[in-house]
Structure formats: C-alpha cells, structure tokens
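Just below is one structure, and these are the notes that go with it.
The values are calculated or read from the model by the stated rules, or taken from the named source; none is laboratory data. Bear in mind the structure is a predicted one, so any value in this text is a computation, not a measurement. No Cβ is skipped: glycine too gets one built from the backbone with ideal geometry, and neighbour counts run over all protein chains shown. Side chains included, ligands, DNA and RNA excluded: accessible areas come from the protein's heavy atoms. Shrake-Rupley method; radii C 1.70, N 1.55, O 1.52, S 1.80 Å.
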Amino acid sequence: MKRPDIDVVVVGAGFAGLYMIHRTRAEGLSVRVFEAGDDLGGTWYWNRYPGARCDVESVEYSYSFDDALQQEWNWTERYASQPEILDYARHVADRFDLRRDITFSTRVVSAHFDEESSTWGVTTDGGETVVSRFLVMATGCLSSANIPAFPGAETFAGPTYHTGKWPHEGVDFTGKRVGLIGTGSSAIQSIPIVAEQAEHLTVFQRTATYSVPARNGTIDTSYVEDVKAHYADFRAANRLEQGGFGSRIERGETSALTAPEEERRAEFERRWEAGGFAFMASFNDFLLDKGSNDLLAEFVRDKIRTIVKDPATAELLMPTQVIGCKRLCLDTGYYDTFNRENVTLVDVSTTPIDRITETGLVTGGVAHEFDVLVYATGFDAMTGSILKVDIRGRGGQRLADAWEAGPVTYLGLSTAGFPNMFMVSGPGSPSVLTNMIVSIEQHVEWITSCIGHLSRTGFASIETTDDHQREWVAHVNMIADFTLFPRCNSWYLGANVEGKPRVFMPLLGFPAYAERCQQVAETDYEGFVLTPA
Ligand code: N01
C-alpha cells in the first residue's frame, strides 16, 4: 500500500491554486502546489501582451474571502491592467504566506490513481513523484495556447509570439512590420497599442468581432468608498447575479422588441457611452431572442460604419453572428485603429491562410510580408490544460480517452472513474461565463470543505457516477439550448480548435449552480459514492 506524502496536490498557482492553499490549510490538511511558471498568477502571469487587462471591474475581480484584504487593497483603474492584477496576486500570496507551499518552474506531467491505496501518484517534469490523497486541477480555463498548425510555420525567419505566452521583458515593435492573426479579446486589446508602435500592422481576421468601448480610466474614488463601505453586501448581491458580477448594473426588464425605436436607440446609445458589459443589459432578451439580438447587433454595426472611414474596411469589420454568443469584447480605440494609415485588415474567412513563409504568409494566393508574427489565436479552452497532463484513473483509464467525445463531469467538479480528483472551474461549471474569481472561490470552498469532511469522517475516496455525469452534461446543454449561445462557432463549444468535439462546456447561471452544489454537500454528497477507509 502506498502511503500518501501529502493530503492535497494542486496543479497551478493562479487565483484558484492560491486560494486552495489558504483553504486547505484552514481544514488542517497539508497541500503542495506545482506551478509551471517561475512565479504565481496563472493567467495574469502568462498574458503580458500589450494592453492586457481584465474586462470585469477591478472592485469585483478580486477575492472576497477576507474583509481586511478587500479593504486595504486599492485599485487604480476601473478595469485593472495585467501588471496590477499580478501585483495583487503577489500581495495576497505574501499576506497569507502562501509561497512556501508552491514549487515553481515545475510542470506536472502525469497523475496516476492507485486503487489499492486510493492515492494519486503525481509526477513532475523534474522527475519527482509525490503521493497524495487528493488531486486538484487548478489549471485555468484559458491557459493552453492554441496555435493553429499552419503549413510552413517553422520557416518564418522573424520572431513569433502568442499573446498568452508573452515574453516578460516585453516586445518593442518600433520600426517593425507586424502580422497579427486573430481578432478576439486579446487581439482587440493589443491591436491599438501595437499599431501605435509598429511601422505597419497587418491584421488577419477570420471572424469579425463585436466590441464595445470599455471607457476605462482612473477609478472613481467615491464609488470605491461606497463599495468598501458595503463590501459584504455588494459581494453577496453579485453572487446572486447570473455571472457572479454586475449587481449594480441597471438591467432592463423588457424585450428590446417591444420598446419604441427611438427609446431603444437612446438606451443603446446611453450604454455605449457608459461602456462595459452593461451594454448587454439594456433589455432582457438579447441572448434568448434572435430578433432582439439583431437590433443590438445592428446598432454596433452602425457604430462601426460611423467610426471606420474606409467603407470596405468597415464592411469587413462588421460581425454578422449573434452578438454575445462569443465573449463580447471591451476595447479602447479598436475600430478607430483601422483608420490609421499603417494598419491593414485582411479577411481570411473566405480565403484561409494557405501557409506561413520565411517572410510572412500567403492567403488566397496573395503574399503578405512582415518582420514579426503575433498569434492572437486563443486557447484550447477549458479542457486543454487538464488533458495535457497524463491523468489515469481507475483501471488505468486515461482521462483523454474518457473525454474523447467531449468532457463529461458532474457539476464541473468531478468525473467518474477518477476518484479523489477535482477540477476548479472545470467544464460543466459556470466558470468562463462568470466573474472567474467568484466561481473560483465557490469551487475552492466546496472542494476543501468536501476534502475536510472526508478526512474527518474517515472516508478514503469520493467518486461520481456515470449516470450523474451523463445527466449533468445533458442539463448543461439543455440550458445552453434555451439560449442563442450554441449558434456561434465559439471556444465555449470547442469550435476554435480543429478536431475538438463540439460540446457546450460552461453552464449558464451561477446562483442556481452554487445552490445545487450546496444541496449536494448537504445531502451527504448526492451523486457521489463515498468509500470508507
Ligand atoms: O482568443 P479568441 P482570445 N485562422 O479565441 C482567430 C478571455 N480574455 O485570446 O473567431 C485565422 O477569442 C479566431 O478566429 P475565429 C476572454 O474570455 C479576456 O482573444 O475562430 N484565425 C479569433 O479571432 C476571451 O474570449 C480578456 O474565426 C484564427 C482569434 O484567433 C478568451 O480569453 C482579454 C485561426 C482567437 O480569439 C480568449 O480570447 C483576453 C485560424 N486558423 C482574453 N484560429 C479580458 O478580460 C483562430 N483564429 C478583456
């Protein structure tokens, strides 16, 4: 029988891994975190591309578990930049003495379950194997870079970068001709800044994106004072929101279809001027009714027509898909950047990228030349980083095989055949459709209280069943099917990665989900089999 070296091994030292340390210690258990980077911060450690910042307001995108922490930390901008969020993560780690349980620059390569001892043997790229009772994958939803396999990619003579693996020393584009592939959130934030520096920027767009002004700026101190005076209530109200944030957003309670045209336009206009995600809340049915969605989409297209001077470029920049079924982008000067003389937009939807060459790329038989290539091509979302680890459960079954037709989980927390393994914000949980920190706190609290309970009551293992996870996946998809979300080729569906099974992965509706998790815990972990030691 293998004897565990430690109670809990956690993979990843982002916001989830950090909070796992704090809560596991509070349960009186031992924990060790392995982190591939040489410092903590996860998403905010890796995504250092120009302009990287959060699209959830800073007073909300922060931990709520400690009142002194939320009172003492001061954000400087409405939407925090990557360096400031990373500083915050470091501050939290130091304040709660978290670093001593983290092993940096170490990637977990495999985790194999031993049925006899109900333990996980976790092996790192340094050759160390640790035996733990529990394994927690805190690897993040958007942490496995997606770089499409363009023929000839290795022949490009200049430097190449992916937005999610940006060099720590930064990149100086001065005097360079830059090619940038992609127009998602990362591209939309970086394009205006790269354009200011570069001699020329060519953007290769496959799908045009809806973007709304962020209206970022110095944080309003009287607003912060007010939030801080009522922080507990503010957090509690946010946890009752669909996305775990935005309780102070004014939400329209009627359909856009019933509002008189003038009133509707005025409301859209008011929200466009205010900036941020509140734009999607002017009426209540944008993600339920295509007719209503069309009205909002057309408003954004009108804005693009007004902002972008060249009609052909404006036409190309106009998205046609449902607005909101891919993550809405928030920008600072994105569309206006295409009025610059040194920026060219190239459509690669009808003529995909044929190949990368030594000096650029070829699309539709036309060569485009540049010195530097930036991939803003997103991530193998939600499952990519979990499946990069060779995880084997009961009977040596590989997780990659169990998920061959798409990820199957119960509550997004656990998967059958893989006892004592949990995922933080896994597929099937609200995760990416929420303020991630709210979801992370809810998951970490559930997982650690479950592990604490099992330890106190003498259970060796916990595992969900095939039936429960099948029902759960059906539930997640049924809810998505009520909405317009499945209508786009989004990364929520795995549609951005060639060959990835098409399954809607995140669950809509944070409050009902959190309630369900609570009920499960209160009913002796309904849906799980608990095995005594
Ligand atoms: O990635 P994306 P991202 N040929 O997948 C294109 C969060 N985030 O890193 O749409 C040509 O959105 C692809 O085209 P298409 C946020 O949740 C948040 O930008 O698949 N193009 C798309 O344009 C976000 O949603 C923040 O047709 C190809 C782009 O690459 C998520 O991270 C900031 C291609 C990828 O866009 C991911 O955002 C940044 C190909 N073969 C990120 N393959 C904030 O908080 C892909 N593309 C503000």
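Could you report region 378-518's accessible area per residue, 1.4 Å probe, as an integer in Å²?
Numbers: 4850 Å² over 141 residues.
Per-residue value: 34 Å².
Dipole orientation for the chain: of the candidates Ala266, Met318, Val227, Met318 has the Cα lying most toward the positive pole (charges on Cβ; Lys, Arg +1; Asp, Glu -1). Give the carbon-plus-sulfur fraction of the accessible surface of region 96-154 in %, rounded to a whole number; probe 1.4 Å, heavy atoms of protein chains only. It is 48 percent, rounded to a whole number. Per-residue 3J(HN,Hα) values for region 199-215, derived from phi via the Karplus relation 6.51 cos²θ - 1.76 cosθ + 1.60 with θ = phi - 60°, read 5, 8, 10, 10, 9, 9, 10, 9, 10, 5, 10, 7, 9, 10, x, 6, 6 Hz in sequence order (x marks Gly and Pro). The magnitude of the dipole of the chain, with charges of +1 and -1 set on the Cβ of Lys/Arg and Asp/Glu and taken from the Cα centre, is near 580 debye. Amide H contacts for Ser30 (H built 1.01 Å from N in the peptide plane; partners 5 or more residues away or on another chain; cut-off under 5 Å): Asp7, Val8.
Pairing the Cα long axis of helix 82-95 with the longest principal axis of the chain, what angle in degrees results, from 0 to 90 and rounded to the nearest 10? Tilt of helix 82-95: around 20 degrees. Rounded to the nearest Å, what's the spacing between the alpha carbon centres of region 327-360 and region 7-83? Just the number, please. Region 327-360 and region 7-83 have Cα centres spaced 32 Å from each other.
Listed by chain and number, the lysines whose alpha-carbon sits under 19 Å from that of Lys500, ignoring those within fewer than 8 places in the same chain, are Lys326, Lys388.
With all protein chains in place and ligands, DNA and RNA left out, the 1.4 Å accessible area ranks Glu27, Glu60 as Glu27, Glu60, largest first.
Please give the length that would be gained between Asp67 and Lys165 if that part of the chain were fully extended, namely 0.36 nm times their separation in residues minus their C-alpha to C-alpha distance (nm, one decimal). Walk me through the numbers before you get to the answer.
Values: separation 98, 0.36 × 98 = 35.28 nm, distance 3.32 nm.
Length gained between Asp67 and Lys165: 32.0 nm.
Of all lysines in the structure, those lying under 24 Å Cα to Cα from Lys176, and not within fewer than 8 positions of it along the same chain, are Lys165. If you sort Ser185, Ser292 by accessible surface, 1.4 Å probe, largest first, the order is Ser185, Ser292. A viscosity of 1.002 mPa s and a temperature of 20 °C, combined with the Kirkwood radius over C-alpha pairs in the Stokes-Einstein formula, give the chain a diffusion coefficient of 88 µm²/s.
Counting only DSSP beta bridges with both residues in region 153-375, the antiparallel share comes to about 30 percent.
Compared with the dominant Cα axis of the chain, that is its longest principal axis, helix 15-26 is turned about 20°.
Students often get this wrong: which residues of region 1-44 have the backbone nitrogen under 17 Å from the point 7 angstrom along Cα-to-C-beta of Glu115? It comes to 1-2, nothing else.
So for Ile193, Ile219, what's the accessible-area order with a 1.4 Å probe, most first? Walk me through the numbers before you get to the answer.
Numbers: Ile193 60, Ile219 25 Å².
The ordering from most to least exposed comes out as Ile193, Ile219.
Rounded to the nearest 500, the 222 nm mean residue ellipticity of the chain from helices alone is -9500 deg cm²/dmol, with -39,500 (n - 2.57) taken per DSSP H run of at least 4 residues.
Computed with a 1.4 Å probe on the full set of protein chains, the accessible area for Glu196 sits at about 130 Å². Using a probe of 1.4 Å on the protein chains alone, the accessible area found for Asp336 is around 80 Å². Would you please classify the overall shape of region 153-375 from the alpha carbon gyration tensor, given that a ≥ b ≥ c denote the square roots of the eigenvalues, rounded means a/c under 1.5, and beyond that prolate means a/b larger than b/c while oblate covers the rest? Prolate is the answer for region 153-375, as a/c is 1.5 or above and a/b outweighs b/c.
Any idea what angle helix 510-522 forms with the longest principal axis of the chain, computed on alpha-carbon atoms, 0 to 90 degrees, nearest 10? Once rounded, the angle reads 0 degrees. Ligands, DNA and RNA aside, Ser186 has an accessible area near 20 Å² when probed at 1.4 Å.
Across region 239-248, rounded Karplus estimates of 3J(HN,Hα) from the backbone phi angles (6.51 cos²θ - 1.76 cosθ + 1.60, θ = phi - 60°) give 5, 8, 8, 3, x, x, 7, x, 5, 8 Hz, Gly and Pro being marked x.
Only aspartates and glutamates eight or more places from Lys303 in sequence, or on another chain, were considered; those with a Cα closer than 19 Å are Glu261, Glu262, Glu263, Glu267, Glu269, Glu273, Asp294, Glu315, Asp331, Asp336.
Phi-derived couplings, Karplus 6.51 cos²θ - 1.76 cosθ + 1.60 at θ = phi - 60°, listed residue by residue for region 472-480: 5, 4, 5, 4, 4, 6, 5, 5, 4 Hz, with x used for Gly and Pro. On region 381-533, 51 percent of the accessible area sits on carbon and sulfur atoms, based on a 1.4 Å probe. A 1.4 Å probe run over region 153-375, with the rest of the protein chains in place, finds 46 Å² accessible per residue.
Based on Cβ point charges of +1 for Lys and Arg and -1 for Asp and Glu, what charge dipole magnitude is obtained for region 153-375 about its Cα centre, in debye rounded to the nearest 20?
On the way: 23 positive and 33 negative charges, 84 e Å.
So the dipole magnitude of region 153-375 works out to roughly 400 debye.
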